[in-house]
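Remarks on the structure that follows.
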Amino acid sequence: MAESKAPPVRHSSSKTLLVAFSVCLVCSLIVASAAILLKPIQLNNQSIERKRIIVEIADLLEPGLTVEQAFRQVDAVMVELSSGQVTDALDPEHFDIAKAAKDVNLSEPLKRNEDPAQIRRKPKYLPVYRVNDEVGRLKTLILPVYGYGLWSTLYGFIALQDDLRTIQGLRFYQHAETPGLGGEVDNPQWLALWEGKIAFDDDWEPHIELVKGAVGTTTPDHQHKVDGLSGATLTTRGVMQLLNYWLSEEGFGPYLAQLREQKERR
């Protein structure tokens, strides 16, 4: 008696595609759900990191104090850049610079010759952070600054002492520059070089230079100069241009002028 043979198995391409599609759909849902659930945590961590940098360059982070406790000594306000006036129209704590720069109601386009920092659109408002002494006089002023380097937009803060001229510190909290080259903007040794440098000339025009080689006390105008980043020419240029831009009349200039006037009247 002849053996019966099992019918050949037919592989259906449609079933294979259906299984693959189902797996992809499930994975996409998991990833999307995770992103949504984790976003508040990520935003909170980013906020804490920015606050940490602010209190650090303001020299407020003391032993025993958390970042949040130290940040309570900081007075955050919103400034209208064109007028230099403080406004309560926006909340400085939840203001997102990157989002504001894309919002046509909160920013304005820049022409190429008006945009040395390569930001394309300038926010109409930005937060500033003040630290006052016991009698309410300005002790430290922290300004947000940003601009394009080689591969990315660098976001950071510059702190000025009470004379509104001497740099107390510079820190970046977000960028994607090349590690070991442009990424050296995070190097503590390089950041320490900024302390005590003078951001303005005698006419209150921004005057910050990053130069090749080491800057010494015998270097002409050494008070305005900082060592450039070795092997990172475009990042170096970007940092110099973004700082000079945001300290100019196109950036925080009107606000700084008002602070100087208030200081002179006292």
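The values are calculated or read from the model by the stated rules, or taken from the named source; none is laboratory data. Note that this is a predicted model, so its numbers are computed, not measured. Positions of Cβ are generated from backbone atoms using ideal geometry, with glycine treated the same way; all protein chains shown enter the neighbour counts.
Points to keep in mind about this one:
- Residue, nearest to Ala257 (Cα to Cα), within the range 195-210, restricted to residues that are crowded, with 19+ Cβ neighbours inside 10 Å, hydrophobic (A, V, I, L, M, F, W, C) and out of contact with any Pro (no Cβ under 8 Å at 6 or more places or on another chain): Ile208
- Restricting the range 219-261 to residues that are within 16 Å of the chain's Cα centre (by Cα) and outside any helix (DSSP H, G or I), the residue that is farthest from Pro116 (Cα to Cα): Phe252
- Whichever residue in the range 109-135 is out of contact with any helix residue (DSSP H, G or I) (no Cβ under 8 Å at 6 or more places or on another chain) and of a type in the set (S, T, N, Q) and, among such residues, is surrounded by the fewest Cβ atoms within 10 Å (Cβ to Cβ): Asn113
- Yes/no for Pro63 being of a type outside the set (A, V, I, L, M) and free of Cβ contacts under 8 Å to residues at least 24 places away in the same chain: yes
- Some residue of the range 98-115 being closer than 18 Å to Lys51 by Cβ and modelled with pLDDT under 95: yes
- Strands (runs of 3 or more DSSP E) fully within the range 108-180 counting 1 or more residues that are touching a residue at least 40 places away in the same chain (Cβ under 8 Å) and in contact with a Lys or Arg (Cβ under 9 Å, 6 or more places away or on another chain): 125-132, 138-148, 153-161, 167-174
- Condition check for Leu18 on (1) of a type in the set (A, V, I, L, M, F, W, C); (2) closer than 23 Å to Thr153 by Cβ; (3) at pLDDT below 90: one failure, at (2).
- Hey, Asp221 exposed (fewer than 15 other Cβ atoms within 10 Å of the Cβ) and acidic (Asp, Glu) or not: yes
- Contacts under 6 angstrom Cβ, first residue in the range 217-240 being touching a residue at least 24 places away in the same chain (Cβ under 8 Å) and over 20 Å from Gln168 (Cβ atoms), partner assigned to a strand (DSSP E or B) and of a type in the set (A, V, I, L, M), 6 or more apart: Thr236/Leu210
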